[in-house]
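The values are calculated or read from the model by the stated rules, or taken from the named source; none is laboratory data. Keep in mind it's a predicted model, so treat the numbers as computed, not measured. Counting neighbours? That spans all protein chains shown, and the Cβs are built from the backbone with ideal geometry, glycine included.
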Amino acid sequence: MEAFHWFNPLVWWVARQIRLDREEICDQVAVDGRVEACRPYGLLMVQMALSRVPGLDQQPSSAVSLLGVSNLRVRGLRRRLRAL
């Protein structure tokens, strides 16, 4: 859909919202409602995000893209950690 409507900002916004919802659902599935799993998972997300900072890690982890943090921004990470 995005490929055909790349010029439409509404399609961009909807696609972004879908990605954010997908990340939130994946985070919920990862911790599976277990409070004790939230902290280790949150720390893992922070470590993955830091591995993407230039100069800290020469070869970024392939698991970064699996967690949806490949294009992570601080605000997005903060939102995801609060949701946990």
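Take the conditions modelled with pLDDT of 75 or more and assigned to a loop (DSSP other than H, G, I, E, B) and apply them to residue 6. Does it pass? Taking the combined requirement at face value, the residue satisfies it.
Here residue 27 fulfils each of the conditions (1) surrounded by fewer than 10 Cβ atoms within 10 Å (Cβ to Cβ); (2) of a type outside the set (Val, Ile, Thr); (3) assigned to a helix (DSSP H, G or I) apart from (1).
Looking only at segment 36-84, residues that are at pLDDT 90 or above, among the charged types (D, E, K, R) and touching a helix residue (DSSP H, G or I) at 6+ places or on another chain (Cβ under 9 Å) come to 0 in all.
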